[in-house]
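What follows is one structure encoded as C-alpha cells, with my remarks underneath.
The values are calculated or read from the model by the stated rules, or taken from the named source; none is laboratory data. Because the structure is a prediction, the values reported are computed rather than measured. Cβ atoms come from the backbone with ideal geometry, glycine included; neighbour counts cover every protein chain shown.
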Amino acid sequence: MKTGQSRQKSYVDKRWKPLEFAEGEHMFHVSQLRKYVHDPSHVVEIGEIQVKENLTYEKRPVAMIDYKLKEWSGKSTRLVKILWNTVTGEAT
C-alpha cells in the first residue's frame, strides 16, 4: 500500500502547477453592463400563495407541455415537461 501511495505522490508532484489567474479578455467586465431604467410596465402581479404552518406550499401540475423518449444503455425513459401552477422563477 505504501508503494502505491508513493507512486501516486510522485505523479502528483510532477503534474502540480501553481495557481495562475488570467487578466484581460477572459474576464467579465462590469463596466460593460447597462444600467436598468425603471419602467412600471415591468412589474408583474403575483397571485397569493397559500403557505402552510410548516412554510410549504402545494404545487399542482396544470398541463403536460412536452414529452419524449430518451434511450440510455438500451433502456428507454420517458421525459415529461410539466407546466406547474406556480410563479415562474425562484420564489425566495
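Screening Val62 on (1) surrounded by 10 or more Cβ atoms within 10 Å (Cβ to Cβ); (2) modelled with pLDDT under 75 shows it passes everything except condition (2). State yes or no: is Leu55 modelled with pLDDT under 75 and more than 14 Å from Thr86 (Cα to Cα)? So Leu55 does not fit the description; no.
Can you pull out every residue in region 10-20 that is surrounded by 10 or more Cβ atoms within 10 Å (Cβ to Cβ) and within 35 Å of the chain's Cα centre (by Cα)? Walk me through it before giving the result.
Applying the first criterion (surrounded by 10 or more Cβ atoms within 10 Å (Cβ to Cβ)) to region 10-20 yields 10-11.
Within region 10-20, just Tyr11 meets the criteria.
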